[in-house]
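Read-outs: derived from the displayed coordinates by stated rules, not from any lab. Only a predicted model underlies this, so the values are computations on that prediction, with no experimental measurement involved. Virtual Cβ from ideal backbone geometry, glycine too; neighbours counted across all protein chains shown.
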Amino acid sequence: MPALKYPLATRSRAEDEHNSIELRFPSGKLIASFPLAFVRDGGDNTWEFVLGVLDQLVEPTPDLPGTITDVEGVVVILDDAPHAGSFVYTHLGLSLFYRRSMVDQIPSRGPEYHSKFRRPKPGGTESTVSHSSRSTAWQSKFRELVGVRGGTCLITDFYYELCTACHVVPQSRPDVYRQLLGVEEDYEPIMCDASCGLLLRDDLHKLYDRLEWSLHYKGGTFYVHFFIMGHPDARKYHGAPIPPQRFRGNPAHRPNPDLTRWHYNQCAKAHIRGFSAGMALDDDGA
């Protein structure tokens with residue numbers, strides 16, 4: 001099945017479209033486009049951040065870690081702030097000749113969301129599959145725990161009554177919870193722990209499920225990252241830090257970084273890489 005294309009983050013920031021960081025394989029094929037402002041204002045303005053996202057967009061090559069060079073083959077310094085231009089994603093420790101002669105890496109599988117096997121539709125659906133409004137004993141407890149931990153919308157501080165306690169990873173993906181949380185059969189009590197949830201204002205919840213924004217985790221702090229700038233306050237909140245002190249109660253009940261990384265990974269594949277890979281079916285929004 002041909003790759004499904006998604007709107008690139010660079011296209012969403014029209015004024016920044018020509019002020020971007022483009023990453024290509026040695027062959028010249030484009031693999032990622034970052035708006036410079038996305039990186040600069042995101043709370044982690046380093047080449048290390050860019051490389052970390054890039055590594056998620058391709059299948060790893062054993063014993064050959066990825067690196068970024070300029071077009072002359074000079075490796076970037078990971079602690080430095082990136083600048084706009086065209087760069088090459090290749091392998092550390094190879095000569096320039098071998099870098100140019102290598103076959104392009106395979107794009108990593110995804111993005112995925114509702115289902116392991118179906119690629120999400122560009123722009124998403126009206127379904128908010130991570131919501132917890134269905135009433136079961138576990139889900140009622142989940143809403144209570146997430147509400148007590150935060151009290152207000154994680155991003156906007158709007159009142160609890162205007163918010164939804166939603167899951168970091170959709171409830172329809174017990175396979176992800178089993179894998180990332182290390183549980184086997186009785187996963188529902190774990191999935192309904194507060195660490196699996198976010199308290200979000202309803203409009204931001206819908207955009208979260210559409211993969212338009214996510215949470216980048218570094219050094220104990222979450223940073224809000226908007227990939228798509230359709231929300232009127234996207235620029236205002238992009239890069240906003242959410243420190244550990246934002247969450248009340250037991251530190252173990254804070255959002256689980258492994259789960260937020262999974263969600264971020266799907267957003268990056270959709271809007272930094274811009275196309276699907278290895279997904280055989282289209283999502284019907286169910």
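Using the Cα atoms as the points, what is the convex hull volume per residue of segment 9-101 in Å³? Walk me through the numbers on the way to the answer.
Working: hull volume 9.0 nm³, N = 93.
Looking at segment 9-101, the number lands at 97 Å³ per residue.
What order, most packed first, do the peptides 111-122, 19-30 have when packing is the mean number of other Cβ atoms within 10 Å of each residue? Write down the numbers at each step before the final one.
Details: 111-122: 19.6, 19-30: 16.6.
Per-residue Cβ counts within 10 Å, averaged per peptide and sorted highest first, yield 111-122, 19-30.
Measure off 7 Å from each Cα along the Cα-to-Cβ vector at residue 184 and residue 172, then give the distance between these two points in nanometres to one decimal.
2.8 nm
Give the lysines reachable from residue 236 as a straight Cα distance under 21 Å; neighbours fewer than 8 places away on the same chain don't count.
206, 218
What's the ranking of 65-71, 262-268 by average number of surrounding C-beta atoms within 10 Å, highest first?
Top of the packing list down: 262-268, 65-71.
Name the residues of segment 204-233 whose amide N is less than 20 Å from a point 7 angstrom out from the Cα of residue 121 along the C-beta direction?
Counting backbone N atoms under 20 Å from the label point, the list is 204-213, 228-231.
Non-local amide H neighbours of residue 109 (under 5 Å, H modeled in plane, Pro and chain starts lacking H): which ones?
Distant-sequence amide H within range of residue 109: zero hits.
Can you tell which of 58, 78, 37 lies farthest toward the positive end of the dipole of segment 9-101, using +1 and -1 charges on the Cβ of basic and acidic side chains (Lys, Arg; Asp, Glu)?
Farthest towards the positive end: 58.
Per-residue HN-Hα couplings for segment 145-156, Karplus 6.51 cos²θ - 1.76 cosθ + 1.60 at θ = phi - 60°, whole Hz, x for Gly and Pro?
5, 5, x, 5, 5, x, x, 9, 3, 4, 9, 9
Once both labels are modelled 7 Å past Cα along the beta-carbon direction, what's the residue 218-residue 41 spacing in nm?
1.7 nm
Hey, can you grab everything whose amide H is under 5 Å from the amide H of residue 20? Only 5+ residues off in sequence or another chain; H modelled, so Pro and N-termini drop out.
Hits under the 5 Å cutoff: 36, 85.
Give a residue-ordered list of calculated ³J(HN,Hα) values for segment 226-235 (Karplus: 6.51 cos²θ - 1.76 cosθ + 1.60, θ = phi - 60°; whole Hz; x for Gly, Pro).
Here the 3J(HN,Hα) series is 9, 7, 10, 9, x, 6, x, 9, 4, 5 Hz.
If I stretch the segment between residue 202 and residue 81 completely, what's the gain in nm (0.36 nm per residue apart, minus their alpha carbon distance), one decimal?
Working: separation 121, 0.36 × 121 = 43.56 nm, distance 3.47 nm.
Full extension of this stretch gives 40.1 nm more.
With a 10 Å cut-off between alpha carbons and a GNM built on the chain, which of 239, 123, 274 moves the most?
Residue with maximal mean-square fluctuation among 239, 123, 274: 123.
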